[in-house]
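Nothing in this text is a laboratory measurement; each read-out follows from the coordinates by a stated rule. Not measured: the values here are computed from a predicted model. Don't worry about glycine lacking a Cβ; one is built from the backbone with ideal geometry, like all the others, and counts go over all protein chains shown.
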Amino acid sequence: MNNYETVFIVTPVLSDAQVKEVADKFQGVITENGGQIVNLENWGLKKLAYPIQKKTTGFYFLMEFTGEGSIISTLETQYRRDERIIRFLTFKQDKYAVEYSAKRRAKLSNKSQEE
Amino acid sequence: MAQENTQRGTSEIRYLNPVSVDVKKKKYCRFKKLGIKYVDYKDGEFLKKFLNEQGKILPRRLTGTSQKFQKKVAQAVKRARHLAILPFVTDCMK
């Protein structure tokens, strides 16, 4: 059971409902293949540092999950098939990365409680 | 007599501006000092400290980071560039 972290960018042309649906779709892909989602973050509409496919903004999503290594190949084929995703990156977390993300989540959660 | 010559000798050389001998600051690896173990590729602001104006990665001799963490920083910067968090090339980074 490894820890993974994936970030993907959804094209800004979609409405919020469709963007939500894309996020749910990939959550489903992970849970169906025996993965378990630890954290899902929606960074919302952000400006890209350089235009991708002639678009300068995109919806960023971060998903942290645990699972077998075989999940990743199916997840990535789903990413490549879906044309609403303009860029994605999956990353295997080593022990320092897991520690770091746990600390980061704790910081974000107590910051959101303060608001 | 000789002492006077050397006295006059040094004063003859007049510099246009005072020669600035930058004091040799002992470089240290900021990761070892602060005990940071993992360089996050999602944190654009932190990574910008390791990029120059054009967005290129600064060499170790300027930042003073150890090789182990320089490789982690380079890997994180390349991932951030892939995700369009950092630009590949720009003219006014900061």
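In terms of the Cα gyration tensor, with a ≥ b ≥ c the square roots of its eigenvalues, is chain A rounded because a/c is under 1.5, prolate because a/b exceeds b/c, or oblate?
Details: a/c = 1.72, a/b = 1.16, b/c = 1.48.
Taking the square roots of the gyration eigenvalues as a ≥ b ≥ c, chain A is oblate.
Tell me, what ³J(HN,Hα) does each residue in the range A:36-44 have, in order and in whole Hz, if you take phi through Karplus 6.51 cos²θ - 1.76 cosθ + 1.60 with θ = phi - 60° and put x for Gly and Pro?
Each residue of the range A:36-44 in turn: 9, 7, 8, 7, 10, 10, 10, 7, x Hz.
A:ARG81 versus A:ASP16, label points 7 Å from Cα toward the beta carbon: distance in nm?
That separation, rounded to one decimal, is 3.0 nm.
For chain A, what is the calculated [θ] at 222 nm in deg cm²/dmol (nearest 500), taking -39500 (n - 2.57) for each run of four or more DSSP H residues and dividing by its residue count?
Values: 3 runs with 49 residues, N = 115.
The helix contribution divided over chain A gives -14000 deg cm²/dmol.
Suppose R0 equals 30 Å; then what is the FRET efficiency for A:ASN33 and B:VAL89 from their Cβ-Cβ distance, rounded to the nearest 0.05? If you can, show how the numbers build up before the last one.
Values: r = 38 Å, r/R0 = 1.27.
Efficiency at R0 = 30 Å is approximately 0.20.
Under 24 Å Cα to Cα from B:LYS27, which lysines show up? Leave out anything in the same chain fewer than 8 places away.
B:LYS37, B:LYS48, B:LYS49, B:LYS56, B:LYS68, B:LYS71, B:LYS72, B:LYS94
For a footprinting-style exposure proxy, rank A:THR90, A:THR11, A:THR77 by other Cβ within 10 Å, fewest first. Intermediate results must be reported in sequence, preceding the final value.
Values: A:THR90 16, A:THR11 19, A:THR77 11.
If I rank by nearby Cβ atoms, fewest first, I get A:THR77, A:THR90, A:THR11.
Return the distance in nm (one decimal) between the two label points of a simple spin-label model at A:THR74 and A:ALA106, each offset 7 Å from Cα along Cα→Cβ.
Here the modelled spin labels are 3.4 nm apart.
Whole Å is fine, so just give me how far the alpha carbon centre of the range A:81-115 lies from that of the range A:20-53.
Result: 11 Å between the Cα centres.
Simple spin-label model, 7 Å along Cα-to-Cβ: B:ARG61 to B:TYR15 in nm?
Simple spin-label model gives 2.2 nm for this pair.
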